Amino acid sequence: MMALEASLGFAGLLCLGGFAAWFPAAATVLWICFLETSPELWFPPLPGGREMVIGAAKATGLVLALILAIRAGGKRDRYNPSFAFAFMFGTGLVHGLFPGLSLLESFRSLIGSAVPFVFGFVKLPAEFRRAVVRAVVWGPVAAVGFDFCLWASGGYAPYAFEQGTLRLGWPGQPPFLAGFALIAVYALLLELLARPSRAFFLLLAVNFIILLLTGARAPLFLALAMMLAALFLAPKTTAYRKIMVLAAAGAAAALAALCLSSLSFIRAVGLTQLGEGLDLSNRTLVWPAFEQAIAASPWFGWGAGAGKVVVPVNSALGAILQTNAAHNEYLRIAAEGGFFGLALLIVLLALWTIRGTRTLPRPEKIFVRLALAAFAIHSATDNTLIATTSSVFFIWVSAAFASGEEESKAAP
């Protein structure tokens, strides 16, 4: 029986590989939508558990990038941030890994951290870029629809209650759904800057509502800030101004909703009225452990993947928080790569952003740079680089960079 299951699984992988080879854009759309359903939460447990599912989902992106590179060609990307993670992996081997971190786990973390940036090494055709944007902006809607379908078939309810307030998404999913909805808001605002569209505006409103209902506060505030930025960057056309004024009115209404006691069942509203809108949700309890790890090896850290074992999963703190993640990428990266690794990653991300956006039209260039700055801010309170949301965010960024390169070549 096990041999039969293994054979069927292998045959299924071959079929999927063949489909991806012939239809890479369609396969990438399916991959993005699959990621946005948070498969690590609903997929049947595999050997290795949740980490194995996340690793397999991310590794699929590497396979897609390789297939696309074979079909469309590769390119140089000298400032690609993945080099920083390779540096951390190498220094970890020289310095010595954190106690409890195996070489295999460190290598898996290297792959998981680097994969979101691999599309920077690939020439992305126009059809592929359009497919990425479609998947990114529709992904949260598809994820919510999948949640309801799973619920109808006897699975988790598509909402949860936390501190007496409602959060859209099944248990454990709301922060991820919020991250994907935030990326959709970025992508839609960029599309609206280039091509004003009522359809895009309506989809922007839908994604914003999803984001609001997840109860994730940092993504909500960043979405509001980027909406205001897009309004100021808007071209001086009547059609666009009308659409963006509507968006600004919607954002103002969302801010006003935070003061309505009748909506206190929504987490973002309830916490704001309790004076906990800026509360860090016990993140500061785990940060001292990472600070101690950094102090023990400040310059080169403890190797890629150390952030997963600084706080043991079965520790008392891990049990209380139900997580051992830092929820602060600056602390996690400093623990893994030391100050040199953290500085290298920040410098590469900055240079990568400047180089990638230099050929975009001015409003789009500023917006994409602001989106990456917002990502940097968000990284201080969340797992933005190690979570599956990073794969979706950086494939969208890579597509935006590639669009600017193509437009600059096509210009007379």
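Residue by residue, here is whether (1) within 22 Å of Trp22 (Cβ to Cβ); (2) buried (at least 20 other Cβ atoms within 10 Å of the Cβ); (3) modelled with pLDDT of 95 or more holds:
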| residue | (1), (2), (3) |
| --- | --- |
| Val53 | no, yes, no |
| Arg78 | no, no, no |
| Ser106 | no, yes, no |
| Ser109 | no, yes, no |
| Lys123 | yes, no, no |
| Glu127 | yes, no, no |
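Just checking, does the stretch 385-394 include any residue being farther than 16 Å from Ala114 by Cα, of a type outside the set (Asp, Glu) and touching a Ser or Thr at 6+ places or on another chain (Cβ under 7 Å)?
Taking every residue of the stretch 385-394 in turn, none turns out to be farther than 16 Å from Ala114 by Cα, of a type outside the set (Asp, Glu) and touching a Ser or Thr at 6+ places or on another chain (Cβ under 7 Å).
Taking Leu202 as meeting all but one of (1) at pLDDT below 90; (2) within 22 Å of Ile366 (Cβ to Cβ); (3) in a helix (DSSP H, G or I); (4) of a type outside the set (S, T, N, Q), write down the number of the exception.
(2)
Looking at Ser408, is it modelled with pLDDT under 95 and within 20 Å of Arg130 (Cα to Cα)?
yes
So which of Arg358, Arg332 is crowded, with 23+ Cβ neighbours inside 10 Å, touching a helix residue (DSSP H, G or I) at 6+ places or on another chain (Cβ under 8 Å) and among the basic types (Lys, Arg)?
On inspection, the qualifying residue turns out to be Arg332.
From Ile386, Ile366, Ile346, Ile395, grab the single residue that is surrounded by fewer than 16 Cβ atoms within 10 Å (Cβ to Cβ) and either hydrophobic (A, V, I, L, M, F, W, C) or closer than 23 Å to Leu190 by Cα (or both).
One residue alone meets the criteria, Ile346.
Scanning the stretch 367-390 for residues that are within 13 Å of the chain's Cα centre (by Cα), outside any helix (DSSP H, G or I) and of a type in the set (Val, Ile, Thr), which turns out farthest from Ile183 (Cα to Cα)?
Of everything passing the filter in the stretch 367-390, Ile386 is farthest from Ile183 (Cα to Cα).
Search the stretch 274-293 for residues that are over 16 Å from Ser379 (Cα atoms) and pair each with any residue that is modelled with pLDDT of 80 or more and not in a loop (DSSP other than H, G, I, E, B) when their beta-carbon atoms are under 8 Å apart and the residues are at least 6 apart or on different chains.
Gly277/Arg217; Glu291/Leu331; Ala293/Ala306; Ala293/Ala335
The values are calculated or read from the model by the stated rules, or taken from the named source; none is laboratory data. Just so we're clear, the structure is a prediction, and the values are computed from it rather than from any experiment. Cβ atoms come from the backbone with ideal geometry, glycine included; neighbour counts cover every protein chain shown.
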